[in-house]
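Okay, so here's the structure we're looking at.
Derivation of every value follows stated rules applied to the coordinates shown; laboratory data play no part. What you see is a predicted model, and the numbers here were worked out from it, not measured in a lab. Glycine also receives a Cβ, built like all others from the backbone with ideal geometry; neighbour counts cover every protein chain displayed.
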Amino acid sequence: MDLSGHVFGPVPSRRLGQSLGVDPIPFKTCNWNCVYCQLGRTFPFSLARAEYAPAEEIVAETHRALETCTPDFITFIGSGEPTLHSRFGWMIRQVRRAQGPPVAVVTNGSLLRMPEVREELLAADVVLPSLDAGSERLYRQINRPHRDLDFEGFLGGMEAFRSEYSGQIWMEVMLIGGLNDHEEALQDLASALARVRPDEVHLNVPVRPPDESWVQPPTPERLERAEKVLGATVSSFFPKVGEEGTFQALTTQEAVVSIVQRHPMTLSQIQAVLHGRPQEEVRRAVEDLRVSGRVATVERFGQSFLVVAEARFS
Ligand code: SF4
């Protein structure tokens, strides 16, 4: 299976089972610059939709991967915001087959304010947008969107999508200690969720290296309170560290790069993902990648996380 370009996995995901990832966007091209982004600072910061990589190439790569595996989902998930790809809808329609795996899209949801993007996403089976704030102030503080984006347009776009889309919407909420876990922020979030009416709400906490070193997970008490305030629709899905990865087709160095390009991890987490290989072989591969400058480290939560060299952290 060719895993060198835009397609990776399948990787086990708690929400999506065995998920074949499709990444149509260059590293860290986004219209938000979230304080918790595990890929570091957004660069380039762009609102422009463009054909960042040839859509035909991405679709062909996906079809090749599907000849050798049967994932539970084909998941569009970017090293940036996937809906910035201007032929996004065409690609969904090309990879979705009547008897094939369903298609999921992990998106920040900011472009749902555009009717054409909503229309493109109608072809997906599951859409997983983000909602981390229930007010303009916290939206700006947490997601740090492009200056031409505003909270009401963002929420209005999601509301409109809900009324047009009959598939599943699974909302992702990242809870950050001291930022959106206090009572007023939780009440605002609950009101925003009531407007969008997602089918499921997934509550996440930062466990991978956030762009900003001050970002912390909430306390267990605040987390419990968040679950109560956000109501019966909430079910918590915590990213299980080390759950990703069946990378048998790659060399150990390639597998390490493929992992940390999308999910920065500590050495021991990478060793857990690549548990079929000797730990010493993985350690040596990481060391060689560091020496050659292909990966770097970032310190967060008292741990060293491996990231690709082009990642920029605050
Ligand atoms: S977390 Fe997602 S939406 Fe936020 S900056 Fe990173 S890639 Fe963009």
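Observations on the model:
- Annotation: amide H of PHE43 within the under-5 Å range of CYS30, sequence separation 5 or more or interchain, hydrogens built in the peptide plane.
- Radius, Kirkwood style, for segment 245-314 when every pair of distinct Cα atoms is counted (Å): 12.0
- Each residue of segment 109-114 is assigned a 3J(HN,Hα), and the resulting list reads x, 5, 8, 5, 5, 8 Hz, derived from the Karplus form 6.51 cos²θ - 1.76 cosθ + 1.60 (θ = phi - 60°), x at Gly and Pro.
- Loop-resident sites, segment 107-160, for trypsin sites (Lys or Arg not before Pro), counting at most 14 other Cβ within 10 Å (DSSP): ARG147
- With Cα atoms as the point set, the radius of gyration and Dmax of segment 94-206 evaluate to 14.3, 46 Å.
- Kirkwood hydrodynamic radius (C-alpha pairs) into Stokes-Einstein, segment 7-240, 10 °C and 1.306 mPa s, D in µm²/s: 89
- Ranked list, fewest to most other Cβ atoms within 10 Å of each Cβ, for PHE154, PHE43: PHE43, PHE154
- With a simple spin-label model that places each label point 7 Å from the Cα along the Cα-to-Cβ direction, the separation between ARG312 and ARG195 comes to 3.3 nm.
- What the Cβ-Cβ distance of ARG290 and GLN18 gives, at R0 = 25 Å and to the nearest 0.05, is a FRET efficiency of 0.25.
- Stretching GLU183 away from GLU159 to a fully extended chain increases their span by 6.3 nm, per 0.36 nm per residue minus the current alpha-carbon distance.
- Helical content alone sets the calculated 222 nm signal of the chain at -10000 deg cm²/dmol, taking -39,500 (n - 2.57) per DSSP H segment of four or more residues and averaging over every residue.
- Value of relative contact order over segment 245-314, rounded to a whole percent, pairs C-alpha under 8 Å and six or more apart: 34
- Near ASN204, the amide H atoms lying under 5 Å from its own belong to VAL173, MET174, LEU175; only residues 5 or more places off or on other chains count, and H is placed 1.01 Å from N.
- At q = 0.12, 0.16, 0.22 Å⁻¹, base-10 log of I(q)/I(0) for segment 38-143 (Debye sum, equal scatterers on each alpha carbon): -0.45, -0.77, -1.30
- Residue among PRO54, PRO101, PRO26 with the largest mean-square fluctuation in a Gaussian network model of the chain, springs linking Cα atoms under 10 Å: PRO54
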